[in-house]
1. Please give the peptides A:45-51, B:53-59 ranked by average Cβ packing (other Cβ atoms within 10 Å per residue), highest first, as a rough proxy for protection.
2. Roughly what would the spin-label model give for B:Q170 and B:E100, points 7 Å off Cα along C-beta, in nm?
3. Taking a 1.4 Å probe, which of A:S309, B:S147 shows the most accessible area, and what order do the others take after it?
4. Residue by residue, what Karplus-based ³J(HN,Hα) values in Hz, rounded to whole numbers, does the stretch B:132-145 have, using 6.51, -1.76 and 1.60 with θ = phi - 60° and x for Gly and Pro?
5. Work out how much length A:D110 to A:N125 would gain on full extension: take 0.36 nm times their residue separation and subtract the Cα-Cα distance, in nm to one decimal.
6. May I ask you to derive the FRET efficiency for A:D172 and A:E49 from their Cβ-Cβ distance with R0 = 30 Å, giving the value to the nearest 0.05?
7. Pull up all non-local amide H partners of B:L114: gap of 5 or more, or a different chain, and H-to-H distance under 5 Å with H placed in the peptide plane.
8. Cα gyration tensor of the stretch B:2-181, axes a ≥ b ≥ c as square roots of the eigenvalues: rounded (a/c below 1.5), prolate (a/b > b/c) or oblate?
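The values are calculated or read from the model by the stated rules, or taken from the named source; none is laboratory data. Predicted model, so just to flag it, every value in this text is computed and none were measured. When we count neighbours, we look across all protein chains shown, and the Cβ atoms used for this are built from the backbone with ideal geometry, even at glycine. For accessibility, only protein heavy atoms count, side chains too; no ligands or nucleic acids. Shrake-Rupley method; radii C 1.70, N 1.55, O 1.52, S 1.80 Å.
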Amino acid sequence: MTSPSITNDRPSVNQTLPLSTLNEENNNQPVSTDEVETNDLLYEKLVREFKIDPYVADTQDLTINNPLSQDDKSIWKQYFLDKELKATINQDVRRTCPEISFFHNPRVSDTLLQILFAHSRSHHNTPYRQGMHEILAAIVYNLHLEGTKVNECKNANAIFEKIMDHLKQWYDIKDNNVTKKRNSVQNEAKQPFQKAQDLSPQSNEIVLRVNQIFEQLKNYDRFLHCKLQELDIDPHIYGIRWLRLLFGREIPFECIPIVWTVIFCFDEHFKFVDYFFVALLMELGNLFLVSKRDYSSCLQLLMQHNVISNAEHVLRRALAIAGRQLKPASEEPQSNTKRAETSRMNIEQDQASSRKEYIKQQQQTVPKQKTTNQVVEPKRLLTPTSTTTTGFSQENAHNSRPLARNSSSNTSFAQQLSTKINTNLSNSSLSSELDTWPERSVRQQLEDSRTIQKYCAYFMDKFLDQLQTRICELTSPNEDELLISLSGLKQICNVLSGKLTFDSEALQTLVNYKPKTVKQSAPSLNNYSSEQNSN
Amino acid sequence: MLEKATDRSYGMCVGKSCLLLQFTDKRFQPVHDLTIGVEFGARMITIDGKQIKLQIWDTVNIIEMSFNLCISYYRGAAGALLVYDITQRHTFNHLTSWLEDARQHSNSNMVIMLIGNKCDLFARREVQKEEGEAFAREHGLIFMETSAKTAANVEEAFINTAREIYGKIQEGVFDPTNEVNGIKIGPQHANPRTGERPSSSAEKGGCC
């Protein structure tokens, strides 16, 4: 099989995607045999119900039941619609994960088709949409890896249904009725640079969610938030795929079970999706900073398949974000960041008006931050003794250190997580996992320092640009000296932003610069100007 | 319900993503992952000695799109490639309604090129070249038959569209200083360049 390498120790879908965690009314009960049987029966019932054979139809009223009839009750009409639906689904199923030979098997394609068809027929409001097939594919593939041959179809269907219960809102394209609304927005549409969400008050569910998540980024990496806004990259451009496929294309295929497991176990609202989304953005944000990227290269990165090779790191960060939100008391380092931001804001207000928008956002942040904390998740997650939440087991919370330690590979992480989740799911609390994370506060401080550092570099850069412009306008006899000093500052700025390695000798040379030795220092000057060009 | 189902079966697999990949990466990938939402590609080209950066949006077929997103992808596009598959007549039959939508939602000056893709599969041709030409003439579009597989006319399709847009800038139809037209002038270095920037919509649009 040409599939990605997956060890036998990976978490099992059947166990790690426990149906109970996906069931809102019954989220503290383990899956009972009865429930599995009910699911089996349900699926069989669906298959029977939607299997239409007009040739053996009971009713013989030929005025209604004939192939040319357009009557809604005509069994033929439904038959043709079904055929069309199947053709549509099949077209997508055939293109599912082409690099994995498992999906080339006609039996597998047929399973996918049957389940998707039954789902589409039984959910009139959220019929089949592209992307659903990849969710199902991940489920079926993992069931297959576990060797679940018997009832594969039914199990896959049950898990798929549960997941789709949560995802269906993101597949909803209700405002798609172009014809009806066309005239009403005709004028606005001709102002092309309007934000999509400004065009119509009733925005699409997924766009709203993606925008909300993006706003949360402000609380964790304001610099990145600001940068993406400056670039004018609408979060829905990449975010729709991230959500609809539950990050299935962004992370390696073999990491899907781990990430999904945490999403399903975290809470019943898929709140972890938000944290993972933000964490993923931050991960990619680091790449933006490595080389100064423009609009297209940033966007290409955001939309690149398998952009993340190490999902563990993102997962870890997402958990840290979640932990931070779950326990507002330990926010001291963050408040440092906030102070830095506030003072920076004061300085910033003196600056050019082009930054007005940015300042406005900053001013709004403090109250928003509070709201976020209030909104934050059910209290029961904060109570270590809670028995209502599925998540990591209490027992394993004491063994949570390995999670915080740098494990060398995805596999070992998978093993750890797998052990955690495969034990008792019902008596657990995620927060206990996070609270006992020993390096957490240190990690937080480190992250905050990094953030502050990035802010400093960013604004230093702006100030330097301004200074440089002014200096260039001057006709001072010591202009070179000024430029050399600027060059030094610029180097420090680049060190702070992580673009340059710290080189004390180079800086010392610049400090030692004397106007008499202009020629000797010329290389530094050249270096400086080439840097400017590259920026 | 009938209409919706019918619509949905149209407009897929005409080769939008393959065309983009061929243009930006010069390679053909016969089985391409399904586009969810949009994909994005960029390439620098040179027209009349001017460097132009094309930013190209590869959209999902319109039926999979919500209304607001549809508008959002169209906004600010300077040009669009309307693609049908010469081996699937229904993709051609659906052009009229696609074109109507495109014209309603986009800048009225948007350059639209009609593409009959998969011209390497001449044995399975269902739409004659003359039909494509006639449709283009009737609706004021530029027309070309391409093959993302053999790369035939792929460069030309994108570059001609860009050239047409560039022409409109020269004529003053598009104001490059106004970003709402999907065009942005790049930084004026020694080598001035024009960044063509269909902000969120298609330089390349999808059929249906």
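1. B:53-59, A:45-51
2. 3.6
3. Sorted by accessible area, descending: A:S309, B:S147.
4. Running phi through 6.51 cos²θ - 1.76 cosθ + 1.60 with θ = phi - 60° gives x, 4, 5, 4, 5, 4, 4, 9, x, 10, 8, 10, 7, 9 Hz.
5. Working: separation 15, 0.36 × 15 = 5.40 nm, distance 2.38 nm.
Net length gain for the segment: 3.0 nm.
6. 0.80
7. B:L82, B:I142, B:F143, B:M144
8. On the way: a/c = 1.45, a/b = 1.24, b/c = 1.17.
It comes out rounded by the Cα gyration axes.
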